[in-house]
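A.B. asks: Sharing a structure here in structure tokens format.
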Amino acid sequence: MSYNNAYWNKRKRKYKFFIWFLLLFLTIFVFYMDIDQNSGTLCTQCHAMRPQMLTWEHSTHTNVGCAKCHVEPGLDGTIQLFQDLARYVYREVADTYVTPIRLFTKVDDDRCVACHDMDREVTASGDIYIPHQVHRDSRVMCESCHSSVAHGGAARRGETSVAAIWNEERAERTMVWENTTAPMDDCMQCHFRRRVTTECKACHTGLNLPTYHQVADFNTNHGAATRDDLEGCNVCHGYAGTRKMEVDNNTSIRTYSRENTFCADCHSTLPPSHENNWNRRHGIFAEGGQEEGCQICHDNRDAGDLQITQTLCGMCHPSPHNPNFKNRHFPDLTASSRPEPSCYMCHPADRCVGCHGQ
């Protein structure tokens, strides 16, 4: 037993000596490389960090040393750095690191404000109004919006698992604007949770509207543009809740307009087109093939919570089924008439089909 104890004690002394020697070497190496202002050389000695290095080189923070963001200032931060480096070196040599390598500790706001001014009122591109100090006072961390600014969120998407496939071209593709900027979904979800305004003008003050928004009659005739490009409308106006609405080629404009709170806010009020004797002129509008637009608000079928108005076609156009009702019916009916889509402007489909069949 005494021999074994002496043996293990000797092994422990060698292990401790190795650790202290490694820490001393790392200390000298760190200060030699001037880690506070380095070009990423120290952090990329391990081949597993190649994606992080390449994305950082293509980021807006390429002139900011890794330690500026990832190492806590002062003695405590330096000691923690040495411990981390020792662990990383061991894992690199023993090939025991796990990919993708991710940073699970948040970057404190203090690291950001050391370089950035919180008095900023707009984004760096100048197109979105975001009062940074208001967000900071509301305890919104910088990383909530800017977590991908240096590496494009590649690790979060699992794209850094195989470091060998990374090159300059891949890094450049990764660091495009869409990957480094917080998506609008994040802004809207946060505003919904905190009950903050979600009006467009709150963030997009001074935003240049699309060309087809700038015509004089857009408020009246925008339905035509919607039919042509509903997906395009949905990019900006699709936030009816905490997430953007999903649309495709089969999405009904009528249903979309009812479910989208942005549309419903306007459609629940009397539009300009309904003024100046609209009750006498609206028949011409309906006969012109615009009945789908009418049904957005005046659909006679039960829409539950989506009912926008109580003014329905059947209220002014009753069609009592007496022997002469066909002469007074709109639109005109013939003896062979069967239920058509136009019938359902006034009648629920189940009522017509129940008597007349398909």
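The values are calculated or read from the model by the stated rules, or taken from the named source; none is laboratory data. Computed from a prediction, not measured in an experiment: that's the story for all the values here. Backbone-built Cβ (ideal geometry, glycine too); neighbour counts: all protein chains shown. Just the protein is used for accessible areas: all its heavy atoms, side chains included, with ligands, DNA and RNA removed. Shrake-Rupley method; radii C 1.70, N 1.55, O 1.52, S 1.80 Å.
A.B. asks: Out of curiosity, is ARG139 at pLDDT 90 or above and not aliphatic (A, V, I, L, M)?
C.D. replies: On the way: at pLDDT 90 or above: yes; not aliphatic (A, V, I, L, M): yes.
Yes: the conditions hold for ARG139.
A quick yes/no check of all residues on (1) open to solvent by less than 70 Å² (accessible area, probe 1.4 Å); (2) within 29 Å of THR60 (Cβ to Cβ); (3) more than 23 Å from the chain's Cα centre (by Cα):
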{"residue": "SER147", "(1), (2), (3)": "yes, yes, no"}
{"residue": "GLN214", "(1), (2), (3)": "no, no, yes"}
{"residue": "ASP217", "(1), (2), (3)": "no, no, yes"}
{"residue": "THR226", "(1), (2), (3)": "yes, no, no"}
{"residue": "GLU231", "(1), (2), (3)": "no, no, no"}
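A.B. asks: Here's another thing I want to ask about it. Of everything in segment 151-164, what is in contact (Cβ under 8 Å) with a residue 12 or more places away in the chain and open to solvent by 20 Å² or more (accessible area, probe 1.4 Å)? Give them in sequence order. If you could, list the steps in order and put the result at the bottom.
C.D. replies: The first filter runs over segment 151-164 and keeps only residues in contact (Cβ under 8 Å) with a residue 12 or more places away in the chain, leaving 151-156, 158-164.
Selection gives HIS151, ALA155, ARG156, GLY158, GLU159, SER161, VAL162, ALA164.
A.B. asks: Return the pairs, sorted by first residue and then second, in which the second residue is modelled with pLDDT under 85 and open to solvent by less than 40 Å² (accessible area, probe 1.4 Å), the first residue lies in segment 44-55 and is among the hydrophobic types (A, V, I, L, M, F, W, C), the beta carbons are less than 6 Å apart, and the residues are 6+ apart or on different chains.
C.D. replies: As it stands, the answer is ALA48/ALA163; MET53/GLY40; MET53/THR44, since those pairs meet every condition given.
A.B. asks: Can I ask one more? Name the pairs: first residue in segment 79-107 and surrounded by 12 or more Cβ atoms within 10 Å (Cβ to Cβ), second residue among the aromatic types (Phe, Trp, Tyr) and not in a helix (DSSP H, G or I), Cβ to Cβ under 9 Å, at least 6 apart or on different chains?
C.D. replies: From segment 79-107, the pairs are TYR88/TYR97; ARG91/TYR97.
A.B. asks: Within segment 181-194, track down each residue that is open to solvent by less than 60 Å² (accessible area, probe 1.4 Å) and in a helix (DSSP H, G or I).
C.D. replies: Kept after step one, since they are open to solvent by less than 60 Å² (accessible area, probe 1.4 Å), are these residues of segment 181-194: 181-182, 185, 187-191.
Answer for segment 181-194, where residues must be open to solvent by less than 60 Å² (accessible area, probe 1.4 Å) and in a helix (DSSP H, G or I): ASP185, CYS187, MET188, GLN189, CYS190, HIS191.
A.B. asks: Further question on the same structure: Helices (runs of 4 or more DSSP H) wholly in segment 59-135 with at least 2 residues that are within 25 Å of the chain's Cα centre (by Cα) and under 22 Å from PRO183 (Cα atoms) - which ones?
C.D. replies: Working: elements: 66-70, 74-94, 109-113.
Once the helices (runs of 4 or more DSSP H) in segment 59-135 are filtered for at least 2 residues that are within 25 Å of the chain's Cα centre (by Cα) and under 22 Å from PRO183 (Cα atoms), what remains is 109-113.
One line per residue, one yes/no per condition, for (1) more than 16 Å from the chain's Cα centre (by Cα); (2) open to solvent by 70 Å² or more (accessible area, probe 1.4 Å); (3) more than 20 Å from ARG102 (Cβ to Cβ); (4) at pLDDT below 85:
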residue: ARG170; (1), (2), (3), (4): yes, no, no, no
residue: ASN179; (1), (2), (3), (4): no, no, no, no
residue: THR198; (1), (2), (3), (4): no, no, yes, yes
residue: GLY206; (1), (2), (3), (4): yes, yes, yes, yes
